[in-house]
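Please treat every number below as a calculation from the coordinates, not as lab data. Note that the structure is predicted; figures quoted are calculated from it, not measured. For neighbour counting, all protein chains shown are included, and Cβ atoms are generated from backbone atoms with ideal geometry for every residue, glycine included.
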Amino acid sequence: MFSKKNLNPSPAISIPSVNAAEIMARVLANPYLSAGGAAALFLSTGMALIAVLGDPHAGSPQVRISLAKVAAMAAPPGWREALHAQQPGGPLVTEDIYRLTNAPIFGGGGDNQATITMGDTAQTSPRDSLAQAPIAGLSAQGPNGLLPIIGGDGRTPAQAYARPFTSNGRPKIALMIGGLGLNAASTRQAIEQLPPEITLSFVPYAEGLQGWIDLARANGHEVLLETPMEPMDYPENDPGPYTLMANAQNADTVHKLEWLMSRATGYFGLTNYLGSRFVGSESGMAAFTGALRGRGLAFIDDGSAARRGGGIPRASAERIIDDQLSGPAIDQQLLALEAGALQKGQALGSAFAYPITLNQVGAWARSVENRGYQLAPASALTTRR
């Protein structure tokens with residue numbers, strides 16, 4: 001979705017049997033695995049304590065994360081700053097455990113799973129909370145999990161999973177925050193601390209994806225699913241094994257797209273991750289938008305596909321607000337969004353879940369409506385084109 005980011009997950013790997021000392025040496029030698037290894041060790045100790053003392057956080061929101069295999073993943077800039085120190089007596093949390101798998105998302109779990117307690121969620125009113133996914137009649141079982149479908153009554157996932165919105169006549173401003181699911185701390189911050197009108201976009205490779213989406217919708221956020229697309233500098237910049245390629249056969253594009261869409265349910269549309277080359281492909285985009293049209297989904301892009309239609313609900317961001325990672329620069333981009341909304345009646349911005357971005361957006365969102373604007377979900381800015 002964001003051209004400067006690089007998401008390059010590795011396929012699941014088998015870890016050979018070694019003794020504890022060898023494992024620790026390998027973990028400490030690898031900067032990408034050290035955090036995950038420490039978290040796994042912390043979790044194992046915590047689980048043993050819980051077995052003896054009982055779970056003090058029973059009933060808290062939870063996400064199930066498989067610990068069967070762990071693959072190294074390049075984290076986005078700013079991820080270390082997003083990690084918060086564990087508070088004494090706080091809930092057990094493991095950060096950033098991922099696995100790329102072909103197994104269906106709705107497969108009944110498995111033996112090798114750990115329950116991750118997410119801690120207290122922000123207080124939400126019943127009007128903010130969105131219906132839990134999947135909504136009856138809007139999905140069907142596919143080879144790798146549930147796929148969105150248009151309901152028998154003509155209702156689409158784009159309509160059913162969007163956050164309800166009523167205009168008050170003021171200029172509308174929408175923001176979508178992407179890259180979520182890559183880091184537990186920043187994902188929780190976006191879900192629990194940002195206003196529910198802000199749209200959240202999740203990485204399809206993230207483990208525990210359905211749990212994150214469920215938590216986001218429970219806090220009132222509508223959700224987009226990111227679609228990795230071929231950039232101009234591929235393969236130097238490789239968005240992963242399910243990247244939609246510009247010169248691929250239509251059947252291959254649809255096959256990859258269906259795998260991505262089956263990762264979870266509850267999203268009202270897709271957004272691009274990278275894709276500077278793919279969005280320029282007539283055949284590739286025709287296959288992509290045709291698949292979305294058949295499943296009743298919207299497409300919201302970061303501005304790189306602004307000229308593309310496809311007969312589906314569409315919106316394009318006017319600007320990426322955190323190309324420069326400084327508070328003043330982000331604030332300036334948010335002011336530019338306000339100016340655009342004042343001029344055109346509405347404006348859409350996009351951003352990545354950097355800690356500084358979440359902090360600046362949170363502060364801005366608390367006061368934007370006092371200046372005469374209306375904060376809106378991204379879906380409220382879509383038009384069919």
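Measuring from a point 7 Å past the Cα of residue 369 along Cα-to-C-beta, which residues in the range 176-206 have an amide N at less than 12 Å? Label zone hits: 195-198. Going from the residue with the fewest nearby Cβ atoms within 10 Å to the one with the most, 300, 177, 198 rank 198, 300, 177. Between residue 325 and residue 342, full extension at 0.36 nm per residue minus the direct alpha carbon distance yields a gain of 3.6 nm.
Size of the range 125-206 from its Cα atoms: along the principal axes, largest to smallest, the extents are 36, 36, 23 Å. The modelled label-to-label distance between residue 165 and residue 332, using points 7 Å beyond Cα along the C-beta direction, is 2.8 nm.
Database remark: amide H of residue 352 closer than 5 angstrom to the amide H of 178, 322 (H placed geometrically; neighbours at sequence offset of 5 or more, or on other chains; Pro and chain starts carry no H). Subtracting the Cα-Cα distance of residue 384 and residue 245 from 0.36 nm times their residue separation leaves 47.5 nm of extension gain. Taking amide H positions as modeled 1.01 Å from N, with prolines and chain starts lacking one, the residues under 5 Å from residue 298 and 5 or more places away or on another chain are 158, 269, 270.
Extension gain, residue 153 to residue 359, is 70.0 nm, computed as 0.36 nm per intervening residue step minus the present C-alpha separation. Summarising the amide proton neighbourhood of residue 142: residues at separation of 5 or more, or on other chains, whose placed amide H is nearer than 5 Å comprise 147. Backbone geometry of the range 256-270 corresponds, through the Karplus equation with coefficients 6.51, -1.76 and 1.60 at θ = phi - 60°, to 3J(HN,Hα) couplings of 5, 5, 5, 4, 4, 5, 7, 5, 6, 9, x, 8, 8, x, 10 Hz, x marking Gly and Pro.
Shown in residue order for the range 280-296 are the 3J(HN,Hα) couplings computed by the Karplus curve 6.51 cos²θ - 1.76 cosθ + 1.60 at θ = phi - 60°: x, 8, 4, 5, x, 5, 5, 5, 5, 5, x, 5, 5, 4, x, 10, x Hz (x for Gly and Pro).
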